[in-house]
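The values are calculated or read from the model by the stated rules, or taken from the named source; none is laboratory data. Note that this is a predicted model, so its numbers are computed, not measured. FYI the Cβ positions are ideal-geometry reconstructions off the backbone, even for glycines, and counts take in every protein chain you see.
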Ligand code: HAM
């Protein structure tokens, strides 16, 4: 036998119950995005490498260590997107989507980062993201957080997630603070190789360090809040006030700085304590400088992305991934062309009449017993049987798999009425 080819490390197949939940989650996100007035944008996976270098930042872990970058056949350096914001801004600029008007967009799809794989951290993972352009005030941040808040509620996750917020100030506040922080960090002996490189590239990122030896140094570090410009302080105060008034609970987290370079002022993340180390399920913030940095007319911008793999993991560990039934009505018949033809015609009529109901027929030459086993395996509620007797009498027999009701004979009209009554309010 030849060797089986396996999927590559950090890249997963998703199937069975988990796949059914992905569809549910994606549908919920799509519907909710429409309700909040965000429009879908479908973006490419491949972009010029330069796009990510200029947006996420050369010194970040993503750009310096984790990108899937290669030269294509023309020798152009391409990268498989590690996130969606940069490509979205590129598209908004390229097609002038936000010139002179406001624009609220959403996207989803696979992202690629060459990280060390573990549960919740994959090399190919899915994000759902929202990006909004042209909104100066923090109302847009709140609009996005209300969206997330409603999503967690719909998914039954509210009690398992926490919102953390911070401000990293505008550029001027940050430059002032960086100098103070750098002085403070330099006077601390505990910094080692990687820390020093990080510190030189962006001292703010040191606040995000997970190294236990640095925990105390970080806790005692000067606070950016004390160096904010009046505008940034007012902006943040309004944001927090609105969150309070909308009863959205949050923790102020001064160490929250984010690992991408494009942010200013608001940064936020939703995390959970149910997933171990990979606790961050959603993150984002404001990035007013990026549109112009990527060659567009200066414009306000805010966005976030949800890590869908982690949301699914959270649904799983909070026991919300119940086994899905894949069939509602199973059709069991004898193996004879005229009986099968009648069965399939009936199914086609029902599929037209009841588009949200899942029908399946036996497609093999197999015993009634085996067909009933199949129906059970798929979680069917009804088995419609058409044997020789039913065929001759132009009727059907129905077996009720979930109820203590004896098998019963109906005309197709009678049973169609039963199905219509039962599923008329079902949206699938
Ligand atoms: P990010 O924090 O790098 O932000 O990623 C957002 C989310 O993607 C994370 O909170 C996490 O749930 C998920 N994620 C990241 N890496 C992995 C991985 N290796 N495996 C599984 N899930 C992962 C961004 O990407 C920004 N573009 C967010 C944003 C949008 N900011 C403004 N607009």
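Quick check on this structure: which one of 115, 131 is closer than 26 Å to residue 280 by Cβ, part of a strand (DSSP E or B), modelled with pLDDT of 95 or more and near the ligand (Cβ under 10 Å from one of its atoms)?
131
For region 47-100, which residues satisfy the criterion of being in a helix (DSSP H, G or I), closer than 23 Å to residue 200 by Cβ and in contact (Cβ under 8 Å) with a residue 40 or more places away in the chain?
Answer for region 47-100, where residues must be in a helix (DSSP H, G or I), closer than 23 Å to residue 200 by Cβ and in contact (Cβ under 8 Å) with a residue 40 or more places away in the chain: 54, 55, 61, 62, 65, 66.
Which residues, counting only those in region 204-232, are touching a strand residue (DSSP E or B) at 6+ places or on another chain (Cβ under 9 Å) and free of Cβ contacts under 8 Å to residues at least 24 places away in the same chain?
Across region 204-232, there are no qualifying residues.
Considering (1) under 26 Å from residue 19 (Cβ atoms); (2) touching a helix residue (DSSP H, G or I) at 6+ places or on another chain (Cβ under 9 Å), say which one residue 349 fails and leave the rest.
Going through the list (1) under 26 Å from residue 19 (Cβ atoms); (2) touching a helix residue (DSSP H, G or I) at 6+ places or on another chain (Cβ under 9 Å), residue 349 breaks only (1).
Across region 51-90, which residue is nearest to the chain's Cα centre (by Cα) among those that are farther than 22 Å from residue 122 by Cβ and at pLDDT below 95?
Per the criteria, the residue is 57.
Among all residue pairs at least 6 apart or on different chains, which show Cβ distances below 8 Å where the first residue, located in region 277-295, is under 15 Å from residue 97 (Cβ atoms) and the second is modelled with pLDDT under 95 and within 11 Å of the ligand (Cβ to nearest atom)?
Partner pairs satisfying both residue conditions: 290/262.
Residues that are surrounded by 15 or more Cβ atoms within 10 Å (Cβ to Cβ) and more than 16 Å from the ligand (Cβ to nearest atom): list the helices (runs of 4 or more DSSP H) wholly contained in region 259-368 that include at least 2 such residues. Break it down stepwise before answering.
On the way: elements: 290-293, 308-317, 337-353.
Here the list reads 337-353.
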